[in-house]
Structure formats: structure tokens, C-alpha cells
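Peer 1: Just passing along the structure, written as C-alpha cells.
Nothing in this text is a laboratory measurement; each read-out follows from the coordinates by a stated rule. Just so we're clear, the structure is a prediction, and the values are computed from it rather than from any experiment. All Cβ positions, even for glycine, are placed from backbone atoms using ideal geometry, and neighbour counts span all protein chains on display.
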Amino acid sequence: SWTLVLTSIVFLTLSDVIRNNYIILVVTILIVLILDLFQNRTWKNLVFMIFLVASVHGSNSLISYYYKEQSHRSNLDGEPKIAWVAMGLNDTPLYNRIAGWYDAYVENVYNEYSGDSKKIEKASAKQITFRTNYMIEHPKYAIT
């Protein structure tokens, strides 16, 4: 029902606002909705996806705008989110943690490029491509 769709959008958006890691859940739900859309071809899934993306993006933009206004600064980018994805694929034993767990990748790449978002994004995209290609070439590694 549409009530469930609306309730889901509200609570998924709130979960992302409260803890940004829940964007992983939102992306997972979007993937499931896309697959279901291909199978069942229902407009409800498409509407759900559009409003969910708009809601999450809108709420994040609103929060970012608020912080910029309060700090009187126009650049509060921090680490690009792609760096966090690269960290998750990285298997360098930083902080003595296993692959996929939090390590110092984000801090290292941020310091290496002096916080330059464009350079961090480029380096992280390169790292993601490298790791993805490695997992394609070594499929047993990817599932262990």
C-alpha cells in the first residue's frame, strides 16, 4: 500500500540522517526495487525509488546547507564518500584489522592530497577499480 511506501521513505530517510552509514541499507533497497521492477514492471517501485532518492538527497543537502550557514563557510566537503567505499575494498593491514573493516585509508588519502576532494575522489576511484579488477581475476579471494 502507499502508506507503507510513505512510511518506508520517512524511516529510511531518518535512518540516513541519524547515521549516514544507513545509506548502505538505502542502496540495498534500491537494488532490490530495481530487480523487482524488471521482474514485475510495477510503477509503485519506480515511484518509491524516485521519492526515496529525492528524500535522502534532499535531507542530506538540507543538513549540509544548515552547517554551511551556521559556520559561515562554503566548503565543508570533508572526505568524499567514494573514499569510504575504497576503504571497504582495501585489504592493506592498517590498524591490524581485516579487509573491509575501518582502517586508516580515509585519513591517509585525505592527508596525502591535503583535503582536495577532486584528487581524493580520483585516487579512490582508481583504488576501487584496482580492487574490483583484482577480485574479478581472483574470484576465490572475493568470496573468502
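Peer 1: Take the Cα pairs of the chain, get the Kirkwood Rh, then feed it into Stokes-Einstein at 4 °C and 1.567 mPa s and tell me D in µm²/s.
Peer 2: Roughly 74 µm²/s, to the nearest whole number.
Peer 1: Please report, in whole Å³, the volume per residue of the convex hull around the C-alpha atoms of the stretch 3-59.
Peer 2: Given the Cα convex hull of the stretch 3-59, per-residue volume reads 62 Å³.
Peer 1: If a paramagnetic tag sat 7 Å from the Cα of Ser1 along the Cα-Cβ line, which residues of the stretch 44-72 would have the backbone N under 18 Å from that point?
Peer 2: Hits in the stretch 44-72 for Ser1 at 18 Å: 44-45, 48.
Peer 1: Okay, moving on. Output wanted: per-residue J couplings in Hz (rounded whole) for the stretch 16-27, from phi through Karplus 6.51 cos²θ - 1.76 cosθ + 1.60, θ = phi - 60°, x for Gly and Pro.
Peer 2: These are the phi-based 3J(HN,Hα) values: 5, 5, 5, 9, 4, 4, 5, 4, 4, 5, 4, 4 Hz.
Peer 1: Run the numbers for Lys140 and Ile18: contour at 0.36 nm per residue of separation, minus the present Cα-Cα distance, in nm.
Peer 2: Between Lys140 and Ile18, full extension yields an extra 40.3 nm.
Peer 1: Shape call for the stretch 81-143 from the C-alpha gyration tensor, a ≥ b ≥ c root eigenvalues: rounded (a/c under 1.5), prolate (a/b greater than b/c) or oblate?
Peer 2: Cα axes put the stretch 81-143 in the oblate bin.
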